[in-house]
Amino acid sequence: MTDKNNKIPFDEDNYTHNINRNNERKLDRRGFMKTLVGAAGVFAVSSLPWGAVAAKELVGLGDKKYPKQKIVDVKAIPVGDAVDFHFPGEHDSAILIRLSENKYVAYQNACTHLRCPVFWQKEEGDLLCPCHHGKFDVETGAPTAGPPRRPLPEIYLKVENDTVYAVGVKRYEA
Amino acid sequence: MKRSYLPVALLLAVLMLNIIVTQYMVHQYFYQNYVSTIVAGIMNLILFPLAFLIYKKGVNVND
């Protein structure tokens, strides 16, 4: 074998003799500090969307506006009775219940289990889904029995001039 | 030259603050305290230039 690579200066017929890989991956103090600054930057950038959505909530863009819709005249619904209506869209069926002289509640009546319609049981005093016998509390819409785990979406009401109006839907909260 | 590890310690403190403020921000968002959320987000934004300043000082003086 020839010792052509031991001559000084040797023939540069290879291109790797000057690549020094010792300590290539060593993390020194400066590199560590750079990493920490970069992490602070990542935290700063990642907090931007949270600030944005919080600002959006504060300004009120998250609240949808619904048109005020007449449901029923007060005279037409005796205390303890219920009436079905549709709000906000024509395919969003809902139920209004008159609990006392001045207390009305309304919920979207699709059961939160498999969306069967929920019925008002006047004698038992709760809302019943006949498909799987799910029950909801009439005061709050919270599930009390059966498969559903989430409350019925509440509809905000307003009584004006002896007429009950639907004015909004409570925001869904998991 | 003798190196100073004070900037490293300060940066670690900043990172700890970042973690605390971020978790506070997320929790306040889900508690619907949106003002606190924004305040925490601004804190996080301020901590980044602070970290950069600490890095600059630490590198120039001691290396």
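Throughout, read-outs are computed from the coordinates displayed, never taken from laboratory work. Quick caveat, the model's predicted, so the values are computed rather than measured. Please note: Cβ atoms are built from the backbone with ideal geometry, for glycine as well, and neighbour counts cover all protein chains shown.
Scanning segment A:147-167 for residues that are part of a loop (DSSP other than H, G, I, E, B) and under 26 Å from the mean Cα position of the chain (by Cα) yields A:Pro147, A:Pro148, A:Arg149, A:Arg150, A:Pro151, A:Leu152, A:Pro153. When segment A:113-132 is filtered for residues that are in a loop (DSSP other than H, G, I, E, B) and either of a type outside the set (Lys, Arg) or farther than 15 Å from A:Asp92 by Cα (or both), the ones remaining, listed by number, are A:His113, A:Leu114, A:Cys116, A:Val118, A:Lys122, A:Glu123, A:Glu124, A:Gly125, A:Pro130, A:Cys131, A:His132.
Out of all the residues in segment B:27-38, which are part of a helix (DSSP H, G or I), at the interface with chain A (Cβ under 9 Å from one of its Cβ atoms) and either loosely packed, with under 15 Cβ neighbours inside 10 Å or out of contact with any helix residue (DSSP H, G or I) (no Cβ under 8 Å at 6 or more places or on another chain) (or both)? Residue satisfying the conditions is B:Val35 alone. When A:Thr144 is tested against (1) in contact (Cβ under 8 Å) with a residue 40 or more places away in the chain; (2) in a strand (DSSP E or B), exactly one condition is not met: (1). Scanning segment A:132-156 for residues that are surrounded by 16 or more Cβ atoms within 10 Å (Cβ to Cβ), hydrophobic (A, V, I, L, M, F, W, C) and more than 25 Å from B:Phe30 (Cα to Cα) yields a count of 2. A:Leu114 passes every criterion in (1) out of contact with any His (no Cβ under 8 Å at 6 or more places or on another chain); (2) under 30 Å from A:Arg149 (Cα atoms) apart from (1). You will find that of A:Lys64, A:Lys70, A:Lys56, the residue that is closer than 23 Å to A:Arg98 by Cβ and surrounded by fewer than 13 Cβ atoms within 10 Å (Cβ to Cβ) is A:Lys70 and no other.
When segment A:51-101 is filtered for residues that are acidic (Asp, Glu), without any contact (Cβ under 8 Å) to a residue 24 or more places away in the chain and within 14 Å of chain B (Cβ to nearest Cβ), only A:Glu57 remains. Of everything listed in (1) assigned to a helix (DSSP H, G or I); (2) free of Cβ contacts under 8 Å to residues at least 24 places away in the same chain; (3) farther than 19 Å from A:Phe32 by Cβ, the single unmet condition for B:Leu12 is (3). Do we have any residue at all in segment B:42-53 that's surrounded by fewer than 16 Cβ atoms within 10 Å (Cβ to Cβ), more than 9 Å from chain A (Cβ to nearest Cβ) and on the phi < 0 side of the Ramachandran plot? Yes: segment B:42-53 contains one or more residues that are surrounded by fewer than 16 Cβ atoms within 10 Å (Cβ to Cβ), more than 9 Å from chain A (Cβ to nearest Cβ) and on the phi < 0 side of the Ramachandran plot.
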